[in-house]
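Readers should treat all values here as calculations from the given coordinates under stated rules, not as data from a laboratory. These numbers come from a predicted model, not from an experiment. Backbone-built Cβ (ideal geometry, glycine too); neighbour counts: all protein chains shown.
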Amino acid sequence: MEWINVIVQGVLIGGLYALFAAGLSLIFGVMRLVNIAHGDFIVGAAYLAMVTITMTGLHPLLSLVIVVPLMAAIGYAIQLGLLNRVLGDDILPPLIVTFGLSIILQNVLLTTFSADSQKLNAGALEIGSIPVLPGVDIGYMPLLTFVAAVAIIAGLQFLFYRTSMGRAFRATSDDGEIAQIMGLDNRKVFAWAMALSMAVVAVAGVFLAIRANFDPFMGPSRLIFGFEAVIIGGLGNLWGTLIGGIILGVAQGIGAQIDPGWQLLAGHIAFLVILAVKPRGLFPRID
Amino acid sequence: MSESILEVQNLEVFYGNAQAIHGISLTIEQGELLSLIGSNGAGKSTLFKSICGMVRPRSGTINFKGQTTAGLSPARITEMGIAMVPEGRRLFRSLSVEENLILGGYVRRPGPWTLQKVYDVFPILKERKDYPATSLSGGQQQMVAIGRALMSNPELLLLDELSLGLAPVVIKDIYELLPKILGEGMATILVEQDVTRAMQVSDHFVCMLEGRISLSGQSDAFSHDEISAAYFGT
Ligand SMILES: Nc1ncnc2c1ncn2[C@@H]1O[C@H](COP(=O)(O)OP(=O)(O)OP(=O)(O)O)[C@@H](O)[C@H]1O
Ligand SMILES: [Mg+2]
């Protein structure tokens, strides 16, 4: 029963990792940009939610109504004002710029909010749980996080393959030059993709902040979890990303069960093993 | 006197320091079919890309319907009524046949071409509409590329090497459909490796050699030898 519980909890936290990863995967898919600042944006969104809650008294989950559009707008602006200027044939400049953004964000958060760790309080939701088996309880929050992850990935999948915006994303990703002579404006397409990515980042940030303490410097490790989930699942495959998150979550849970110090290590080992066996991930879509 | 729809004057195009086009001027009238011939590397595709706004000329002017296209985005130029079937087709590979066609109509220019009309001309595309575009045969892919360009209802259509990599029978099929495609009074510039065919289908021709025009005129006004000399620069 103990092991069943470990696996169930691992699957649920995998949902959170998939939320970290989905925005990363989307941006890479559309514009081949590896956003090193992705994790810091997640943490930034958590602080934004904290400020919103302080100012309005909203429940953390309701603060999403404000944080999601705000993060999307920030994403749109950063893409138009900054990232579009460095995107090109050379993949190094955007990498360096997002690395710079990561450092700037961490320091802005540090000077604004200090290094003290914070947490968002979701009240009764945090303690309630559903007993499924003797010894296996599913907490409301982990369940909600997982459901949100599945819903968001299903939504992104729908948007990508069933809407005109998704068509524009795919066309621009396939051949940006020809997409432009069809009348698309690559810069705007990229800006919308970044806005969408940051909307998901906002959700990830709020769920992260309800689940655990956060501080200005925890972004890079969330980035790593996101990366690992994307790579395990296979580039360009959103459902694969969810499975990647789950594998990571379960591996960490099993590691922690054996020895609490092994939690993170077990996740990295699972990642490396999969990378060694299937270098392109389990379900790759992008060559 | 018919009106010229496109006027290119003294065009100079560079890739870095390498000059690909050395001062080219040409005009094309409404409804005319102009063949652009020339050996590999002559600069035909570069001329097309300049007209579409994909490449910025260093100097010279391009006027479309009396308006300069200088500084306009490729998207804006497409909105004005220029469409291209690019060399090598360049279909969107993660899009289905129908999605490729729909994207061609993204600028929503009004005109005779609709999804239905494209399917009427290329019935096979309707059968394959939900297939990934690049899973089709070469000839069918070329039909998608042509249909995609038509979907923007262009007034000037640029066709870059329609027959590239296609079997002779398929090439013949596509050229048999050409009158149907161009029937709506579109001006067309056709790049074609097969010079005889290019001369047969066109009213006028322009022959390029190493970025310059080596010969131009009415397609039936020159002997095979004259054209051959202009083509190879001998
Ligand atoms: N993207 C590019 N960068 C640098 N040089 C280029 C580029 N594209 C074309 N060129 C050069 O410009 C010249 C003209 O090329 P272009 O493709 O326009 O010729 P073309 O007449 O279309 O030839 P082909 O019949 O092979 O299609 C060639 O010397 C070519 O090497
Ligand atoms: Mg060419």
Based on DSSP, what percent of beta bridges with both residues in chain B are antiparallel, to the nearest 5? 55 percent
Which ³J(HN,Hα) values in Hz, rounded to whole numbers, follow from the phi angles of the range A:209-217 under the Karplus curve 6.51 cos²θ - 1.76 cosθ + 1.60, where θ = phi - 60° and Gly and Pro get x? 6, 7, 6, 8, 5, 10, 9, x, 9
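If you count the DSSP beta bridges with both ends in the protein assembly as shown, what percent of them are antiparallel, to the nearest 5?
Around 60 percent antiparallel, to the nearest 5.
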Would you mind checking the tilt of helix B:138-150 against the longest principal axis of the Cα atoms of chain B, expressed as 0 to 90 degrees and rounded to 10? 80 degrees
Obtain the nm distance between the two label points defined at residue B:120 and residue B:200 by a simple spin-label model: each point lies 7 Å from its Cα along the Cα-to-C-beta direction. 2.7 nm
Is there a quick way to get the dipole size of the protein assembly as shown? I mean about its Cα centre, with the Cβ of Lys and Arg at +1 and of Asp and Glu at -1; what is the value in debye to the nearest 20? 920 debye
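Taking a ≥ b ≥ c as the square roots of the Cα gyration tensor eigenvalues, with a/c under 1.5 meaning rounded and otherwise prolate when a/b beats b/c, else oblate, which class fits the range B:134-234?
Prolate is the answer for the range B:134-234, as a/c is 1.5 or above and a/b outweighs b/c.
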Label-to-label distance, nm, for residues given as residue A:115 and residue A:162 (7 Å Cα→Cβ offset): 4.9 nm
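Report, please, the projected area of the protein assembly as shown averaged over directions, based on the convex hull of its C-alpha atoms, in nm².
On the way: hull surface 116.7 nm².
For the Cα atoms of the protein assembly as shown, the hull's average projected area reads 29.2 nm².
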For residue B:36, which sequence-distant residues (separation of 5 or more, or a different chain) have an amide H within less than 5 Å of its own amide H, given hydrogens modelled in the peptide plane? B:190, B:191, B:192, B:206
The range B:58-88: trypsin sites (Lys or Arg not before Pro) falling in loop per DSSP and having at most 14 other Cβ within 10 Å: B:58
DSSP loop chymotrypsin sites (Phe, Trp or Tyr not before Pro) in the range A:208-282 with at most 16 other Cβ atoms within 10 Å of their Cβ, which ones? A:217
Measure up A:188/B:126; A:188/A:278; B:129/B:180; A:119/A:188; B:129/B:172 against 28 Å on the Cα-Cα distance and list the ones that go over. A:188/B:126; A:188/A:278; A:119/A:188
Residue-ordered couplings for the range A:243-260, obtained by feeding phi - 60° into the Karplus form 6.51 cos²θ - 1.76 cosθ + 1.60 and rounding to whole Hz (Gly and Pro as x), are 5, x, x, 5, 4, 4, x, 5, 4, 4, x, 5, x, 5, 5, 6, 7, x
With a cap of 14 neighbouring Cβ atoms within 10 Å, and only residues DSSP puts in a loop, list the trypsin sites (Lys or Arg not before Pro) found in the range B:122-205. none
Using a 7 Å offset from the Cα along the Cα-to-Cβ direction at both residue B:178 and residue B:228, what is the distance between the two label points in nm, to one decimal? 2.2 nm
Checking the a/c ratio against 1.5 first, then a/b against b/c, what shape does the Cα gyration tensor give for the range B:24-72? oblate
